[in-house]
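One structure is given below, encoded as structure tokens.
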């Protein structure tokens with residue numbers, strides 16, 4: 001599905017796909033309340049934009065053989081100064097859903113959106129027909145009493161397993177106290193408990209994504225070690241970016257995972273993965289268990305690619321502070337990682353892009369031009385997250401994605 005075939009599109013004239021497929025999963029990059037010309041229909045109105053975004057997500061999913069009822073996870077990036085009660089945002093999502101159990105809802109507050117007037121975007125991971133599978137396991141989280149009436153329910157879905165696919169909602173560890181390391185451990189323990197309740201473990205994770213408070217490598221390092229302590233090698237593909245606003249204000253980090261685990265003769269079993277990590281592709285400056293690219297069940301999951309020096313774990317950046325050059329350089333890593341599976345960047349079924357911006361839509365448009373240079377002129381389904389800063393002053397962009405892979409494990 002390209003731009004000319006949609007009743008809505010991103011705010012760009014570049015050809016682009018709104019939904020993609022990899023293995024059993026379907027992806028919508030960032031459904032927003034956009035019209036056929038790419039304009040936001042209800043500028044600044046979060047609740048109305050939520051309804052429009054969910055309707056547009058449903059339409060995009062139809063092009064890949066499913067609908068919103070097949071969504072397993074909705075990740076909502078909503079514009080916030082930190083004052084929104086996230087339960088109000090969840091209630092706005094739930095208002096647009098008619099199925100039970102609910103999909104997992106992950107919320108990411110952000111200081112800006114890619115297009116003028118935009119208040120939210122909804123990324124979707126769906127699995128066609130998952131509600132008809134025999135093996136459905138749900139972990140619920142309580143809804144505060146103050147929100148029962150609006151949501152007409154006392155629980156929401158915290159973690160969902162259907163067949164082999166497991167999605168866990170992102171969460172903070174603010175209850176653990178003010179220390180960011182303690183909060184990081186609390187989040188990982190919470191995720192581990194939820195995964196255990198559906199017959200899995202953190203080691204089954206294929207993707208970990210989240211954010212943390214910090215503006216330097218010194219801020220990042222202790223939290224990175226805290227998260228890593230909960231994995232053995234080989235860990236998942238991982239993406240961690242700085243947070244610019246979190247709710248509640250005491251929160252220092254927010255993390256989610258996607259996992260896969262098989263059932264064989266009644267027993268839950270780890271699914272082996274194919275690993276690709278060419279020598280040229282960077283490593284972290286700390287010893288961490290994560291992988292840069294893994295394939296299983298006909299899908300390749302990329303770790304967040306940053307412009308770190310090749311053949312190195314120095315952490316130093318190539319083309320320091322230069323967004324266009326760093327974006328081009330990152331795509332050399334993406335191409336090299338995907339080439340290990342016989343793929344290229346034009347095969348991406350989802351691209352998630354965090355990039356430094358002042359909030360001017362023209363900067364988003366220029367960034368899309370850069371991406372199109374490396375994806376055959378047609379943009380993949382995209383989640384675009386402009387941010388005031390990345391991990392360090394010399395870093396401007398991080399990109400991860402998913403692609404279909406013909407070899408099944």
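Some notes on this structure:
- Scanning segment 366-407 for residues that are within 14 Å of residue 114 (Cβ to Cβ) and more than 21 Å from the chain's Cα centre (by Cα) returns 366, 369.
- Neighbours by Cβ (under 6 Å, 6+ apart or cross-chain): first from segment 220-235, on the phi > 0 side of the Ramachandran plot and at pLDDT below 95; second assigned to a loop (DSSP other than H, G, I, E, B) and surrounded by fewer than 20 Cβ atoms within 10 Å (Cβ to Cβ): none
- Cβ separations smaller than 6 Å between residues 6+ apart or across chains give the following pairs from segment 129-140 residues that are touching a residue at least 12 places away in the same chain (Cβ under 8 Å) and on the phi < 0 side of the Ramachandran plot to residues that are assigned to a helix (DSSP H, G or I) and surrounded by 14 or more Cβ atoms within 10 Å (Cβ to Cβ): 139/194; 139/197.
- Any hit, segment 153-162, residues being free of Cβ contacts under 8 Å to residues at least 60 places away in the same chain, under 21 Å from residue 34 (Cα atoms), in contact with a strand residue (DSSP E or B) (Cβ under 8 Å, 6 or more places away or on another chain) and crowded, with 21+ Cβ neighbours inside 10 Å: no
- Residues of segment 356-409 classified as closer than 23 Å to residue 27 by Cβ, buried (at least 20 other Cβ atoms within 10 Å of the Cβ) and at pLDDT below 95, total: 1
- Some residue of segment 363-370 being in contact with a helix residue (DSSP H, G or I) (Cβ under 8 Å, 6 or more places away or on another chain) and over 30 Å from residue 43 (Cβ atoms): no
- All conditions in (1) farther than 27 Å from residue 136 by Cα; (2) out of contact with any helix residue (DSSP H, G or I) (no Cβ under 7 Å at 6 or more places or on another chain); (3) surrounded by fewer than 18 Cβ atoms within 10 Å (Cβ to Cβ) hold for residue 222, with the sole exception of (2).
The values are calculated or read from the model by the stated rules, or taken from the named source; none is laboratory data. For clarity, every value in this text was computed on a predicted model and none was experimentally measured. Methodologically, a virtual Cβ is constructed for each residue, glycine included, from the backbone with ideal geometry; neighbour enumeration extends over all protein chains shown.
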